1. Hey, could you check the stretch 371-385 for residues that are assigned to a helix (DSSP H, G or I) and either open to solvent by 60 Å² or more (accessible area, probe 1.4 Å) or modelled with pLDDT under 95 (or both) and say which is nearest to residue 303 (Cα to Cα)?
2. Does residue 110 satisfy the criteria of being within 25 Å of residue 2 (Cβ to Cβ) and out of contact with any Pro (no Cβ under 7 Å at 6 or more places or on another chain)?
3. Can you tell me how many residues within the stretch 293-317 are part of a loop (DSSP other than H, G, I, E, B) and within 16 Å of ligand 1 (Cβ to nearest atom)?
4. Please list, ordered by first then second residue, the pairs with beta carbon atoms under 6 Å, 6 or more apart or interchain, first in the stretch 350-361 and more than 11 Å from residue 156 (Cβ to Cβ), second within 11 Å of ligand 1 (Cβ to nearest atom) and charged (D, E, K, R).
5. Any chance you could count how many residues in the stretch 246-268 are surrounded by 13 or more Cβ atoms within 10 Å (Cβ to Cβ), away from ligand 1 (no atom under 16 Å from the Cβ) and free of Cβ contacts under 8 Å to residues at least 24 places away in the same chain?
6. Tell me, which helices (runs of 4 or more DSSP H) lie completely within the stretch 168-229 with 1 or more residues that are modelled with pLDDT under 95, closer than 15 Å to residue 45 by Cβ and open to solvent by 60 Å² or more (accessible area, probe 1.4 Å)?
7. Could you run through the stretch 8-29 and say how many residues are in contact with an Asp or Glu (Cβ under 9 Å, 6 or more places away or on another chain) and either within 27 Å of residue 345 (Cβ to Cβ) or aromatic (Phe, Trp, Tyr) (or both)?
Amino acid sequence: MIRYFTAGESHGPALSAIVEGVPAGVALTEADINDQLARRQQGYGRGGRMKIETDRAEVLSGVRFGKTIGSPVAMLIRNRDWENWTTPMAQFEDHAAEVQKITIPRPGHADLTGFIKYGFDDIRPVIDRSSARETASRVAAGSLAKAFLRQLGIQIGSYISAIGPAAEAAAPASLQALLDAGAESLAAEADKSQVRMLDAEAEAAAIAAIDQAKTDGDTLGGIVELYITGVPMGLGSYVQHDRRLDSMLTAAIMSIQAIKGVEIGPAFDNARKPGSQVHDELFAGGEKGLRRETNRAGGIEGSMSSGQPIHIRAAMKPISSLVSPLRSFDLATLEAVQSRFERSDTCAVPAAGVVAEAVVAPVIANALLEKIGGDHMSEIAERLEAYREELRMRFGG
Ligand SMILES: Cc1cc2nc3c(=O)[nH]c(=O)nc-3n(C[C@H](O)[C@H](O)[C@H](O)COP(=O)(O)O)c2cc1C
Ligand SMILES: C=C(O[C@@H]1CC(C(=O)O)=C[C@@H](OP(=O)(O)O)[C@H]1O)C(=O)O
């Protein structure tokens, strides 16, 4: 079972991750990790920090001769910005007297509640750990599970269907072909766009909306579309609440900073339709084998993978650090004041898509390992192939 922890402050010396339980024998290159980190840094509307950082993971353990060895993988991602923060974020020297305390919380961020919960007199430590800078560690961790899954024919990819107030773009005509080629083809296509959109008109509208938000000192959210292809039938289970694949996947995505809604397939649209227009009819036999000809369930039935692409949609709220201030108050004096601005992205929805890909990878990897077991790659690949073959023998395809 893959488990991981992250550590690191946004303006501390480095971020880190320890990933435990990656099977042995997973082929791994530095690019498998660093390309994902670079993708996470992209996106129109990101702030000044992304010009400072060029995230790269230093792998400290768990890999030998380009393959995992089953032991924990420790990774370090240095913060280039640290050199500008050695005084306000000093670990052992006490600079409290020289560093101005931050006492005005931003509405919508973790500032107010974190300050009170942890008993601080300065919001800085809240800002530094609640920051989505932490998602660089999660993307590094997820890239290991992604590599493991890729080598078993399971791919994860995402694109963005909405940014800001413009109507959500309908799924493009090319979507099915991209999914047939594997969800990483979908992601590669999305990565060609600065906003990771597949529709040229929607892309132009999103860029214009981000420019307008920037001019207005405002921020934007949007919608991530995530797909996982090649998932065999039967991962997860209906028998116990904590084994439900949909609940594990949505919890992982909901754990991403600023994600406030998650649905499997078009769940909210389905809720307004009769069952006859929602449920995917079942077919078997012939060259196509076991199948459904629609995928309105988003690839999950009975909390188990159905064998179809898993489709998850996630809503990201607008960034909460606004140049044009909102009303707040000073925690030191309780005086009503305007919120203060902290360097920030205007929109980070494209990056959130990359993070979503990373956080679901260990969930799928663990559900697969639970189903077929195995400690090393060839054992796992053999067992998965035997399972797929058994289904083909029984149902065709
Ligand atoms: C990739 C990414 C980048 C983000 N960048 C910013 C940012 O620059 N400024 C900001 O205020 N919030 C940013 N956020 C969102 C905050 O981290 C988040 O709103 C905050 O931690 C409070 O948590 P919550 O929104 O989940 O309640 C970003 C989120 C993600 C996923
Ligand atoms: C640093 C990253 O994102 C940060 C997420 C973030 C927040 O509040 O979540 C606030 C900003 O931090 P800073 O004040 O250092 O510019 C973003 O840049 C990153 O994604 O690597």
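1. Across the stretch 371-385, the extreme among qualifying residues is 371.
2. When the stated conditions are applied, residue 110 does not pass them.
3. 1
4. Matching pairs, first to second residue: 351/40.
5. 0
6. Output list is empty.
7. So the answer is 7.
Residues checked against (1) open to solvent by less than 50 Å² (accessible area, probe 1.4 Å); (2) more than 12 Å from ligand 2 (Cβ to nearest atom); (3) in contact with a Gly (Cβ under 6 Å, 6 or more places away or on another chain):
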{"position": "1", "(1), (2), (3)": "no, yes, yes"}
{"position": "4", "(1), (2), (3)": "no, yes, no"}
{"position": "9", "(1), (2), (3)": "no, no, no"}
{"position": "16", "(1), (2), (3)": "yes, yes, yes"}
{"position": "26", "(1), (2), (3)": "yes, yes, no"}
{"position": "32", "(1), (2), (3)": "yes, yes, no"}
{"position": "43", "(1), (2), (3)": "yes, no, no"}
{"position": "54", "(1), (2), (3)": "no, no, no"}
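The values are calculated or read from the model by the stated rules, or taken from the named source; none is laboratory data. Computed from a predicted model, the values in this text were never measured in an experiment. Cβ sites come from the backbone with ideal geometry, for glycine too, and all protein chains shown count toward neighbours. All accessible areas refer to the heavy atoms of the entire protein, side chains included, with ligands and DNA or RNA removed. Shrake-Rupley method; radii C 1.70, N 1.55, O 1.52, S 1.80 Å.
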